[in-house]
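The structure appears right after this line, and notes come after that.
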Amino acid sequence: MTRVDAVDESAVRARVAQARTLVVKIGSSSLTQSSGHLDVDRLEAFVSAVARTRLLDARIVVVSSGAIAAGFGPLGFQSRPEDLATQQATASVGQGLLMARYETSFARFGVRVGQILLTAQDTIRAVQYRNAQRTLLRMLDLGVVPIVNENDALASNEIRFGDNDHLSALVANIVRADALVLLTDVDGLYSAPPSTPGAHRIPFVPDVIAVMSAVSVAGSSSGVGTGGMVTKLEAARVAAVSGIPTVLASAREAGPALMGDPVGTAFAPVKPRGSSRRLWIGFAAEPRGVLVADAGAAKAVQGGRASLLSAGVIGVEGEFSAGDPVWIDDEQGRHLAKGLSGFDSEEVPRMLGRTTTQLKRLFGAEFAHPLVHRDNLVLVLRPPSTDVAETPEGSAARHG
Ligand code: GLU
């Protein structure tokens with residue numbers, strides 16, 4: 001795996017300070033009161049920090065939680081509802097309250113906002129992904145600040161992100177952000193749960209993947225949000241391997257964090273930034289089937305430069321069309337890579353084991369192509385305790 005040159009904290013902070021496109025995520029506990037109402041003062045403080053520090057020189061996307069946490073008070077509930085249907089209904093109320101307040105707050109700075117509610121499907125399916133990307137980029141072109149949240153009112157348990165940390169890292173990929181800022185109710189990553197004697201804030205993490213296995217982290221104690229430190233580290237990891245630096249800081253320090261001051265914890269990117277399409281293949285695309293590589297092809301794919309040729313494929317599973325994402329597995333069923341298939345699944349069986357020359361002779365020139373071209377292929381890495389594809393650049397297709 002190719003890593004970017006070692007960077008120090010000041011270089012990472014400078015990248016945040018100079019970012020042209022920034023994704024800023026703020027959590028429920030920083031926007032709401034425990035009674036389940038919006039905390040208008042804190043929302044306004046956040047908006048004014050964003051507006052005063054960066055709105056003149058950067059394109060800002062806000063990923064805001066708080067729909068459920070701002071909705072349960074007005075509905076008369078004592079605490080955040082537990083069941084999905086009530087959560088969804090609550091979110092529909094809270095989201096409106098949240099947007100109304102964002103609109104007035106940003107208007108004080110002469111800035112328009114627009115609401116974008118995403119579902120997991122919008123990041124998984126290629127057409128929806130491009131659609132979300134096009135809208136967000138156009139909003140930024142128009143000087144509008146997109147206020148993004150998950151479409152909580154319609155997301156079902158099976159397919160929801162659940163926490164906006166992960167969503168914000170995907171949004172950073174979608175808009176090809178230069179930096180991600182995660183604002184929460186703690187002032188950074190700690191070496192141990194903050195109540196432990198000797199626990200200290202870690203100002204800089206050069207390699208978030210290494211830290212994820214080394215640091216003991218505690219969940220959020222606020223009772224209104226859903227993400228804890230684990231989901232923040234996971235978001236920082238997704239950003240880091242996408243070439244995007246992350247700062248995790250307290251919402252109270254939003255201004256300094258956005259200005260590149262040494263607050264919170266800065267996470268260095270561990271890779272050069274990849275193309276948005278490769279990031280999508282790596283992180284979000286949902287495979288529709290499997291191509292099983294023989295030992296030789298598996299080795300070639302893992303080696304980092306090869307396309308997957310039908311000569312090295314011994315099986316196909318699932319139904320997919322050309323252009324759909326598929327897993328590339330080895331004979332033991334391990335996922336080696338994700339890629340976009342060059343062919344429909346029904347065309348694949350007769351191609352299996354045949355060389356490009358044979359394919360051309362038997363079926364015509366349009367069959368003389370790899371099953372998955374190396375430009376459309378992203379290797380799977382296995383960071384501690386996760387199982388996701390994550391290497392948009394520096395992988396099998398890097399040498400294009
Ligand atoms: N989307 C949820 C909401 O707005 C919150 C997700 C999170 O807490 O990260 O209420």
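Every read-out reported here was derived from the displayed coordinates using simple, explicitly stated rules and does not represent laboratory data. Owing to the predicted nature of the structure, the values given are computational and were not obtained by experimental measurement. Please note: Cβ atoms are built from the backbone with ideal geometry, for glycine as well, and neighbour counts cover all protein chains shown.
Below, the figures for the structure above:
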quantity: Val113 long-range amide H proximity, modeled H, under 5 Å; calculated: Val145
quantity: Förster-model FRET efficiency, 51 Å R0, Arg361 and Gln121, C-beta, rounded to 0.05; calculated: 0.75
quantity: Rg/Rh ratio calculated on Cα atoms of the chain (Kirkwood radius); calculated: 1.01
quantity: Per-pair calculated FRET efficiency, R0 = 22 Å: Arg305 and Ala210 via Cβ, rounded to 0.05; calculated: 0.25
quantity: Rounded tilt (10° steps) of 164-174 against the dominant C-alpha axis of the chain; calculated: 60
quantity: Mean Cβ count within 10 Å, highest first, over the residues of peptides 319-330, 136-147, 258-269; calculated: 258-269, 319-330, 136-147
quantity: Net length gained if the chain between Leu142 and Ala100 were fully extended (0.36 nm per residue, minus Cα distance); calculated: 13.1 nm
quantity: Tilt relative to the chain, helix 40-53 - C-alpha long axis, 0 to 90 degrees, to 10; calculated: 60
quantity: Largest to smallest principal axis extent of the C-alpha atoms in the stretch 234-326, angstrom; calculated: 56, 26, 19
quantity: Average Cα contact separation per residue, the stretch 68-188, under 8 Å, 6 or more apart, as relative contact order %; calculated: 23
quantity: Charge tally in the Cβ shell below 14 Å around Ser34, where Lys, Arg are +1 and Asp, Glu are -1, Ser34 excluded; calculated: 0
quantity: ³J(HN,Hα), Karplus 6.51/-1.76/1.60, whole Hz, each residue of the stretch 146-152, x for Gly, Pro; calculated: x, 10, 9, 8, 5, 6, 4
quantity: Placed amide H near Phe204: partners under 5 Å, 5+ positions off or other chain; calculated: Ala266
quantity: On Cα atoms only, tilt of 9-18 relative to the major axis of the chain in degrees; calculated: 80
quantity: Gln78-Ala107 pseudo-label distance in nm [points 7 Å out on the Cα-to-Cβ vector]; calculated: 3.8
quantity: Over the chain: helical MRE at 222 nm, DSSP H runs n ≥ 4 each giving -39500 (n - 2.57), nearest 500; calculated: -9500 deg cm²/dmol
quantity: Eligible lysines near Lys271 by straight Cα distance, threshold 30 Å, same-chain separation 8 or greater; calculated: Lys25, Lys232, Lys299, Lys338
quantity: Per-peptide average of other Cβ atoms within 10 Å, ordering 340-348, 246-254 highest first; calculated: 246-254, 340-348
